[in-house]
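Some notes on the structure that comes next.
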Amino acid sequence: MKAGIDKIGFYAPHLYVDMTKLAESRNVDPDKFTIGIGQEKMAVPPMTQDAVTLAANAAVDILEDSDKEAIDFVIFGTETGVDSSKSAAVYVHELLGLNPYARAIEVKQACYGATAGIQMAKAHIAMNPDSKVLVLGSDIARYGLSTPGEATQGAGAVALLISADPRVMALEDESVYFTADIMDFWRPVYSDKAFADGKLSNEQYMAFFSRVWEQYKVKTGLALSDFAAICYHLPYTKLGYKALKTVLEEGTEEVQERLLASYNVSTGYNRNVGNIYTGSLYLSLLSLLEQTDKLVAGDRIGMFSYGSGAVGEFFTGILQSNYQDYLNIDRHTELFASRSEISVPEYEAIFEETLPTDGSTVKLDVEIDPARICLAGIADDKRQYVNKVKSVSY
Ligand code: HMG
């Protein structure tokens, strides 16, 4: 039975830092950040945005009333959840006004969470073909000011509506996944910043890609030439390129050119947002689908998902007829065009802001954040969210 991506939404906060200016302020050659790492702009979340609001803003524009009725499962992939007990999916379920007869859960495995969500959604659709599943990948990547990881921070969310008879991409059944216990990147519960062994993390990313790709070919009999494009989890855009390069020689010159060209397009959004952890692979897919006219229905797209710690998966999808008609290109073009640049000192000040952890009340000014759904404050240790359009706050 067919199941896959019916719609894709995306949201990034309205503020960003220019990577050249960040490099200058850190006494680093800007080429290191823009070429060596491959990032142009880094999204900066104001206090009024957290993993819940980013995800809700990514989903709010893509859902019609019929979707809201049909969604009976919300799966929220994140490693920046706001509560160790209550799932971020429950907040989003309320903020979007979804059918109450639904499951709402959070899943975690670093940047792999949304991929786990998609595979669970696919299985759910197989059992319940009339239902739809909302899969969210939402995160804020934080390593700390002046750390090696700083240039790979970012913030944003992707929302995927998974259904039978998907209009954008049908997911194929064959997939290869791999787990190994590795301390390449982690965030203990007492820290609001991630720890990373940068060199090891890069090595493991490459090693996991190699493992799942080799096994995928054995399992399916497919070859590089069977792919119109391969999208990667992109902690920064240079890394996916390095992974792609390791397999390019398996293809003819024409295949190599095709895959390199599609790879470049697939990095466009990520290059201007930064790492959004679990949503990164799907932001790359969205960038590819919305920015190229070279793909056609029937094309096979490969996807490499990697979540530190670590779990990797290689899986594929087939583009559907007229898939372009179901994308939100204008909305996303407008989102990028309407962002505001902030200076490095302004970014640093925002980075250091925190919500109280002693139960005291803070009200945030949601009017200075153009997002429809915002964090309005905290009181009695409870986050207060507002959907400005629905005019419902709780
Ligand atoms: P670093 O160690 O400071 O950087 O931080 P570097 O010295 O390795 O340089 C980076 C690249 O810039 C190199 O290119 C340099 O040659 C080049 P490469 O040799 O690798 O091709 N370079 C220049 N290029 C042009 N002009 C110049 C110049 N100078 C240097 N002047 C690192 C890099 C990624 C380690 C750091 O940012 C970091 O620790 N980031 C966080 C961890 C990370 O992103 N790891 C990626 C794999 S793990 C993963 O993907 C999972 C993750 O998303 C989390 C999750 O799963 O939840 C992170």
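The values are calculated or read from the model by the stated rules, or taken from the named source; none is laboratory data. Everything numeric in this text was worked out from a predicted model, so none of it was measured. Here the Cβ positions follow ideal geometry from the backbone for every residue, glycine too, while neighbour counts run over all protein chains shown. Ligands, DNA and RNA are stripped out before the accessible areas are found, and what is left, the full protein with its side chains, is counted by its heavy atoms. Shrake-Rupley method; radii C 1.70, N 1.55, O 1.52, S 1.80 Å.
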**Asked** Are any residues in the range 171-221 part of a loop (DSSP other than H, G, I, E, B) and open to solvent by 40 Å² or more (accessible area, probe 1.4 Å), and if so, which ones?
**Response** Asp181, Met183, Arg187, Val189, Tyr190, Asp192, Lys193, Asp197, Gly221
**Message:** One residue is enough: does the range 185-193 have a residue meeting the conditions within 12 Å of the ligand (Cβ to nearest atom) and in contact with a Lys or Arg (Cβ under 9 Å, 6 or more places away or on another chain)?
**Reply:** yes
**Selected residue (only one of Tyr306, Tyr241, Tyr263, Tyr277 is assigned by TED's automatic domain parsing to the domain that holds Ala207 and farther than 28 Å from Lys7 by Cβ)** = Tyr241
**Prompt:** If Gly279 passes every condition in (1) within 11 Å of the ligand (Cβ to nearest atom); (2) closer than 17 Å to Met206 by Cβ but one, which one does it miss?
**Reply:** (2)
**Asked** What tally of residues in the range 148-179 results from selecting those that are over 18 Å from Leu283 (Cβ atoms) and out of contact with any Ser or Thr (no Cβ under 7 Å at 6 or more places or on another chain)?
**Response** 15
**Message:** Are there strands (runs of 3 or more DSSP E) fully within the range 283-394 with at least 1 residues that are of a type in the set (D, E, K, R), more than 16 Å from the ligand (Cβ to nearest atom) and surrounded by fewer than 19 Cβ atoms within 10 Å (Cβ to Cβ)? List them.
**Reply:** 300-307, 382-387
**the range 4-23, subset in a helix (DSSP H, G or I) and open to solvent by 30 Å² or more (accessible area, probe 1.4 Å), residue nearest to the ligand (Cβ to nearest atom)** = Thr20
**Prompt:** When the residues of the range 150-169 are filtered to those that are open to solvent by 10 Å² or more (accessible area, probe 1.4 Å) and more than 18 Å from Asp18 (Cβ to Cβ), which remaining residue is farthest from the ligand (Cβ to nearest atom)?
**Reply:** Asp165
**Prompt:** Which numbered condition trips up Arg258, out of (1) assigned to a helix (DSSP H, G or I); (2) open to solvent by 10 Å² or more (accessible area, probe 1.4 Å); (3) under 27 Å from Ala55 (Cα atoms); (4) away from the ligand (no atom under 16 Å from the Cβ)?
**Reply:** (3)
**Prompt:** Which one is most open to solvent (accessible area, probe 1.4 Å) among residues in the range 266-282 that are part of a helix (DSSP H, G or I), touching a residue at least 40 places away in the same chain (Cβ under 8 Å) and farther than 21 Å from Phe76 by Cα?
**Reply:** Arg271
